[in-house]
Amino acid sequence: MVDYLPSRALTPGTPRNENHPMRQVTREVAFDSPSWTAQRRRKVEKFFDDLAPEWHKRHAEDRLLPLRDALERGNIRPGNCLELGCGTGPATALLGQAFADVVAVDLSFEMIRRLHSPTAARVRADASCLPFPKDSADSVVLLNMLLFPDEVARVLKPDGTVIWVNSRAENTPIHLSPEDFLAALPGQWTATASRSGEGLWAVAQRDTDAS
């Protein structure tokens, strides 16, 4: 179940990324894990390696509005945080203000080597097979990031939170609706969601009342 809070969105623009190649990849890896092949991983890694030198120009401050809203209204569990798909770190400093410890993770070497944070640890890893123990994260944050549901659920503590953010809502190439995000996670979950700025967000927790 997704519980929508009052929107803080700006007037939405015209959807324009339905046919972006990353849109298909996003849905396939979320709902069909074997579709994340070694060949696809290499293609995605190269795609973001090539974008890395100019990545900072794509992340104006307004793109963090939905993440800020999620941290404010999403009933986030405090403690440690895994930031998956951190890129060059546009959100890492903000997460460092919200969580006691942040580990920033990205597949792309060219992205993560450009991330400079005085507090967050940097780990280059494939999010489909994270090098972290089961039940080790209080929160997992995915800002415009591919969702690998089984792995997110594995590393998350039983009472942890998963924060899913699309900074341009339906215009984000890597996009799932809050309902699809929730449906992809294994087991029973509930979520709080809303819109802020031009984006949308959802914060999911396991449903402890499910039988």
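The values are calculated or read from the model by the stated rules, or taken from the named source; none is laboratory data. In this text the structure is predicted, and so the values were computed from the model without any measurement. Because the Cβ atoms are built from the backbone with ideal geometry, glycine has one as well, and the counts that use them run over all protein chains shown. All accessible areas refer to the heavy atoms of the entire protein, side chains included, with ligands and DNA or RNA removed. Shrake-Rupley method; radii C 1.70, N 1.55, O 1.52, S 1.80 Å.
Screening the candidates 206, 168 for the property of being closer than 20 Å to residue 7 by Cα and either without any contact (Cβ under 8 Å) to a residue 40 or more places away in the chain or among the basic types (Lys, Arg) (or both) yields one hit, 168. In the range 171-198, the residues that are touching a residue at least 60 places away in the same chain (Cβ under 8 Å) and over 25 Å from residue 87 (Cα atoms) reach residues that are open to solvent by less than 10 Å² (accessible area, probe 1.4 Å) and in a loop (DSSP other than H, G, I, E, B) with C-beta atoms within less than 7 angstrom, at least six apart or across chains, in these pairs: 192/74. In the set (1) within 17 Å of the chain's Cα centre (by Cα); (2) open to solvent by 50 Å² or more (accessible area, probe 1.4 Å); (3) at pLDDT 95 or above, the condition left unmet by residue 46 is number (1).
What's the total number of residues in the range 108-121 that are open to solvent by 40 Å² or more (accessible area, probe 1.4 Å) and closer than 23 Å to residue 43 by Cβ? Let's see the steps before the verdict.
The first filter runs over the range 108-121 and keeps only residues open to solvent by 40 Å² or more (accessible area, probe 1.4 Å), leaving 109-110, 113-114, 116, 118-119, 121.
Going one step further and asking which of them are closer than 23 Å to residue 43 by Cβ, we end up with 109-110, 113-114.
Of the residues in that region, 4 qualify.
All of 93, 98 fail the test of being in contact with a helix residue (DSSP H, G or I) (Cβ under 7 Å, 6 or more places away or on another chain), open to solvent by 30 Å² or more (accessible area, probe 1.4 Å) and within 18 Å of residue 167 (Cβ to Cβ), apart from 98. Restricting to the range 177-211, give me the number of residues that are modelled with pLDDT under 95 and either open to solvent by 20 Å² or more (accessible area, probe 1.4 Å) or assigned to a loop (DSSP other than H, G, I, E, B) (or both). Of the residues in that region, 6 qualify.
Somewhere in the range 109-123, is a residue within 15 Å of the chain's Cα centre (by Cα) and in contact (Cβ under 8 Å) with a residue 60 or more places away in the chain? First the steps, then the outcome.
Filtering the range 109-123 for residues within 15 Å of the chain's Cα centre (by Cα) gives none.
Scanning the range 109-123, I find no residue that is within 15 Å of the chain's Cα centre (by Cα) and in contact (Cβ under 8 Å) with a residue 60 or more places away in the chain, so the answer is no.
For the range 126-176, the tally of residues that are assigned to a loop (DSSP other than H, G, I, E, B), among the polar types (S, T, N, Q) and open to solvent by less than 30 Å² (accessible area, probe 1.4 Å) stands at 2.
Which residue, of 145, 111, is in contact with a helix residue (DSSP H, G or I) (Cβ under 7 Å, 6 or more places away or on another chain) and either at pLDDT 95 or above or more than 17 Å from residue 26 (Cα to Cα) (or both)? Before you say what the answer is, go through the steps one by one.
Numbers: 145 fails: in contact with a helix residue (DSSP H, G or I) (Cβ under 7 Å, 6 or more places away or on another chain).
None of the other options fit; the residue is 111.
Being over 20 Å from residue 181 (Cβ atoms), exposed (fewer than 12 other Cβ atoms within 10 Å of the Cβ) and in contact (Cβ under 8 Å) with a residue 24 or more places away in the chain is a condition met by at least one residue of the range 75-84.
Taking the conditions (1) touching a residue at least 40 places away in the same chain (Cβ under 8 Å); (2) open to solvent by less than 10 Å² (accessible area, probe 1.4 Å) in turn, residue 105 satisfies each one other than (1). Residues in the range 146-184 that are touching a Leu at 6+ places or on another chain (Cβ under 9 Å) and within 20 Å of residue 79 (Cβ to Cβ): 151, 152, 153, 154, 155, 156, 162, 163, 164, 165.
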